[in-house]
Structure formats: C-alpha cells, structure tokens
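What follows is one structure encoded as structure tokens, with my remarks underneath.
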Amino acid sequence: MTTHTLKAETMNLNQASEALDYFIDVDIPTFIWGAPGVGKSSIVAQMTEKRRWGLVDFRLTTRDPVSLMGLPSLQGTTTKWLSPDEYPQVERDGEKGILFLDELNAASPAMQTAAFGLVLERKIGSYQLPPKWRIVAAGNRQSDRAAAQRMPSALANRFAHIYVEPDIETTVKHFGEKALDPMLIAFLRFRPNLLHKMDDETLHAFPSPRSWEQVSKVLQAPPHLRFSMIASLVGSSTATELEAFLQTCHELPTMDEILNNPLQARVCAKPATCYAVTYALVRHATSGTIANAVAYMKRLSAEYLNLFMTDLQNSNKALMETREYIDWAIKIQDLAFAA
C-alpha cells in the first residue's frame, strides 16, 4: 500500500482557523496536522462554538473496523446493520455540526482504510452522515514521536491538509483573551522559543501552548510546591527559567507607584523586568489610568510601548477608543507610510 508523506505550508492558529472556516463552507473534509499541544482540537471546538453547531468527537483509535459498521440485526430473512449511537444524529446533535475524527492517523492502517467511505462518501454501512454535517480530522506528525501511523495516500487524498505551528503573536492574543496570568504572558514574550519545545529529555513534560495554559493555573500554588508542579507540566529546565523570571518580578515598581506617579516611578533596567511591567500594565490599565500608563511606557523604549499597545488590543479593546491609543496608532501608521 502506498503512503502519503505530508508536505504543506505552515499556518499559525488564526490562519488555520480561517482556512478551516472556508473549507467547512465549501464542504471539503480537512485534516489538521501539528505537534502535541499546539491547539488543533481547540480550533475545532472554537469553530463549532462560533457557528453554534454540534460537535461529535469520534476516536477511531478506540474502535475496530467491524464496529464502524455497527451490529447486525436479523430482520425477517435479511440482516440489517445497526449504526453506532455515537455517530451524529440530527435529533440529538443538531442539523449542522462537525464530525471530528481526532487522532485519525493514530488508528491502525485497517481502521484508516475502513474510514475511506465515511470521509469520501459520508457513508459507512447503513449510516449516512446528515447533509449539513462536515468532517474534520486531526493528528500528530510521525516526527513528533507521537503514536502516529503513516496515512495511506488514498485516504490522504480525500482531505485538504492544514499544517499548524504555534507562533507567539497569536498565542499571546489567545492567552490575553482568556485572561491568563500576565507574568506568564510576559515570560513567553521574553523567551518565545519556549512556547513549544520538544527534545529527548522532555518527552513526558514539555512546553506547549496547552501546557502553558495549565501552568497558569498553578502559578499561585504554595511556594514549596510551585516549582515541582510547574516542572511536571513543562519540564525542569523550562520551570527553572520561569522561576528565575518570576523572581525578577519582585524588583518591579508597584502598579500604584507607576499609575499614580509615572514620571517618578522606578524604571526597569533588565529586559525581563521590562517585559514583566509591560504586561502588568496591560492588565491594570483602564480608561482613567491609560494616560499615566503610556507616560511610564514612554520612559522605557519604543519597543516596549509598541508591545504594550499591541497587547492592549487583545485584552481590552475598549481602550482602543482612548486618545492615547489613537495617537499611537496614527503615529505607527505614519511611520509605516514613510518607510
């Protein structure tokens, strides 16, 4: 059996979501490729939530080829196959939705072959996928050292293929929208290469967008446990770097000090503390304090001011209507035209 080797242009999470949106509209089955923890499943969940569609997550890794057909039922002198209840049903799951075949390429070759008809003809045995339901699959690459099988070319040719790589800009925007700890976001800005990193020493716990979301939940753990808990999620070396960064945060001027007296407050000297104070101000700025926040950021550098304003867009869109933001946006636009 010939096999398919994936070669595709990479997309960030936003681009992948936009591409998937279009493929769904034109009813093209889509396969999302990417390393563990980059957010493949999240793209599909957010898509169905945005559209208010149903979502059925069907894992072929927990089935065998015969079970996809269902169970035989004797009716008179003939046998009829009773379809698995997990398949989308309009009455229960809605008129429109996504049948999500997560970890499809982790299934055995026999199971992948059994899925041919479901993906191409939207039918398997006596079951017919409802007309307004769409098929999306996802899986890890073989290079990710995950439980991935090679995909037969006949099955691969039934999909459009989206290859996802996490990038710092879209991930930071996503984390800001979910109100993750600003010090964690500041750290990832400071050390963007740790957004996603897999190596031979961290195959159990390694940094990824998914594991960083989990880290945000334990940053307030008791001090004697925090390092070990973080290391259990992203590995010891990454946890050590994060802990060192968090220690520098003790050197920050307080938010009250900055927002009440921006021209006299202590100015950060280290890059780590500059990133930290930038994201602390992003979280604390309001329409009443943004003028003082901007006054302080101007004392750092244009780089940190631009970072402050950019991430303000992601976390507090109401502040985009303030005079300070509008003046900054006009200046950036003028510089772009002059370049």
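Here, each number is a calculation from the coordinates, and none is a lab measurement. Given the structure is predicted, the values throughout are model-derived calculations rather than measurements. Note that each Cβ is placed from the backbone with ideal geometry, even for glycine, and that neighbours are counted across all protein chains shown.
Descriptive notes on the structure:
- Members of Lys40/Lys197; Lys40/Lys132; Lys298/Lys331; Lys132/Lys178; Lys178/Lys270 lying beyond 20 Å, as alpha-carbon distances in this model show: Lys40/Lys132; Lys132/Lys178; Lys178/Lys270
- Dimensionless Rg/Rh of the chain - Kirkwood Rh, Rg from C-alpha atoms: 1.08
- By the beta-carbon count within 10 Å of each Cβ, the least crowded to most crowded order of Cys268, Cys249, fewest first, is Cys249, Cys268.
- Partners for Lys80 among lysines (Cα-Cα distance below 20 Å; same-chain residues under 8 apart left out): Lys123
- The chain: most fluctuating residue of Pro223, Pro152, Pro166 per GNM, C-alpha cutoff 10 Å: Pro223
- Legend: ranking of residues His284, His224 from fewest to most surrounding C-beta atoms inside 10 Å; resulting order His224, His284.
- FRET efficiency, 1/(1 + (r/R0)^6) with R0 22 Å, evaluated for Glu241 and Glu303 via beta carbons: 0.55
- When the chain is treated as a Gaussian network with alpha carbon springs shorter than 10 Å, the biggest mean-square fluctuation among Arg191, Arg51, Arg283 belongs to Arg51.
- Neighbourhood net charge (11 Å Cβ-Cβ; Lys/Arg +1, Asp/Glu -1) for Leu99: -2
- Against the main long axis of the alpha-carbon atoms of the chain, helix 40-51 sits at an angle near 90°.
- Residue exposure sequence - Ser211, Ser42 - by fewest surrounding Cβ within 10 Å: Ser42, Ser211
- Acute angle (nearest 10 degrees) that the helix 168-177 long axis makes with the longest principal axis of the chain, alpha-carbon atoms: 90 degrees
- In this Cβ point-charge picture (+1 for Lys and Arg, -1 for Asp and Glu), the chain has a dipole of about 320 debye about its Cα centre.
- Length gained when the stretch Ile28-Glu165 is fully extended (0.36 nm per residue, less Cα-Cα span): 47.2 nm
- Stretching Gln333 away from Gln264 to a fully extended chain increases their span by 21.8 nm, per 0.36 nm per residue minus the current alpha-carbon distance.
- Degrees between helix 223-234 axis and first principal axis of the chain (Cα, 0 to 90, nearest 10): 50 degrees
- Inter-site label distance for Arg92 and Lys317 at 7 Å from Cα along Cβ, in nm: 3.6 nm
- Span from the segment 165-205 Cα centroid across to the segment 289-338 one, whole angstrom: 23 Å
- Most mobile listed residue (Gln75, Gln89, Gln264) in the chain, GNM with C-alpha springs under 10 Å: Gln75
- Net lengthening on full extension, Leu71/Glu49 (0.36 nm per residue, minus Cα-Cα): 4.7 nm
- Along segment 292-298 the Karplus relation, 6.51 cos²θ - 1.76 cosθ + 1.60 evaluated at θ = phi - 60°, assigns HN-Hα couplings of 5, 4, 5, 4, 5, 4, 5 Hz to successive residues, with x for each Gly and Pro.
- Rounded D (µm²/s) - segment 168-338, Kirkwood Rh over Cα pairs, Stokes-Einstein at 20 °C, 1.002 mPa s: 127 µm²/s
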